[in-house]
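The values are calculated or read from the model by the stated rules, or taken from the named source; none is laboratory data. Please read all numbers here as calculations on a predicted model, not as lab measurements. Neighbour counts are summed over all protein chains in view; Cβ atoms, including those assigned to glycine, are modelled from backbone coordinates with ideal geometry.
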Amino acid sequence: MATLTVDRRSGKVVGYNVQWYDGKKRFTIHMSARSYHHKTVEKFKDLLETLLYYRKNGTVVPDKTVSNRLADMPVELQSKLANAGLICVTKSKTCQELWDSFLKHKAMVIKEKSLNLYQRNREIFFTTFPPNKPIEQITIDDLLEWKSTLLARYATSSVTGYIGVAKMVFGWAVDQDWLRKNPMEKIPTGNFRNRDKDRFITMEEYGLLLDACPTQEWRVVVALARIGGLRCPSELKQLRWADVDWEKNRFLVRSPKTERHVNHATRLVRVYLCSRQESVHIVLCKIKGSIFL
């Protein structure tokens, strides 16, 4: 059985001592009154007595309720129980270990461009959080403050991306059983769209842009992006002359961004003829071998 005593100074409670004797040695765990309420100390004493009962009866794996209470316990108290030999505490992973493991895993399943984006997110994360900081010590308040700092330095859409990747990284830590809960789970990611900067590009402006292009190849690039709706440069770089169906006025587009999704590796883009020279079909007819390899 454990006993609970109260430390007082000038009549004021300054701390609590939870003590027990294992037959050979007396153990004492001190808990400051500044950090722990009396009810919290009593619950800790009850949990400690349960652990002592388990050890006495040779129980290796505690029940789910006790396991959850241990997982929710502050790291400081977990360390004290571990030092007393009542529980085993696995060394917490650091932020450095988390990001290194995450990027090593992602390098096998994502494209180089996405990997570079994640590495950029890693650099931004470490401008606030030390690489050697245990991930279990990162709180929701720390992450909210980090998000506020990012919003003061970067555009909202950029911060949305940074928060989204960080949320993915901590979610991966949960999947690896390095964390019990994702500290970013309740932090709003944000929105990539900034409608304040939306503006429709008129055909007149588009025509001026074509006139300003230095070469025919650049006019093809602009036409395919503005009229054809192709992603630049990923989809443009994969176009071939064999992909153009002249009789049906359409061409095949390969999409590296969506190829991992079923039936989204390619799509057909239909060309509608118009009277203006900027028609995609007319621009394609004018060029022989510049952008298509």
> For region 34-53, does any single residue satisfy the condition of being more than 20 Å from T3 (Cα to Cα) and either surrounded by fewer than 12 Cβ atoms within 10 Å (Cβ to Cβ) or touching a strand residue (DSSP E or B) at 6+ places or on another chain (Cβ under 8 Å) (or both)?
Replying inline: yes
> Among the residues of region 226-246, which ones are among the small types (G, A, S) and not in a helix (DSSP H, G or I)?
Replying inline: G228, G229, S234
> How many residues, within region 43-55, are more than 14 Å from Q19 (Cβ to Cβ) and at pLDDT 80 or above?
Replying inline: 7
> How about region 105-215: which helices (runs of 4 or more DSSP H) wholly inside it have at least 3 residues that are closer than 30 Å to N68 by Cα?
Replying inline: 140-153, 156-175
> Looking only at residues in region 9-18 that are surrounded by 11 or more Cβ atoms within 10 Å (Cβ to Cβ) and more than 21 Å from T50 (Cβ to Cβ), which one is farthest from the chain's Cα centre (by Cα)?
Replying inline: V13
> Can you find a residue in region 19-35 that is charged (D, E, K, R), outside any strand (DSSP E or B) and within 44 Å of the chain's Cα centre (by Cα)?
Replying inline: yes
> Taking region 36-49, which residues are in contact with a helix residue (DSSP H, G or I) (Cβ under 8 Å, 6 or more places away or on another chain) and outside any helix (DSSP H, G or I)?
Replying inline: Y36
> Which of (1) touching a helix residue (DSSP H, G or I) at 6+ places or on another chain (Cβ under 7 Å); (2) not assigned by TED's automatic domain parsing to the domain that holds P131 is the odd one out, the single condition K106 does not satisfy?
Replying inline: (2)
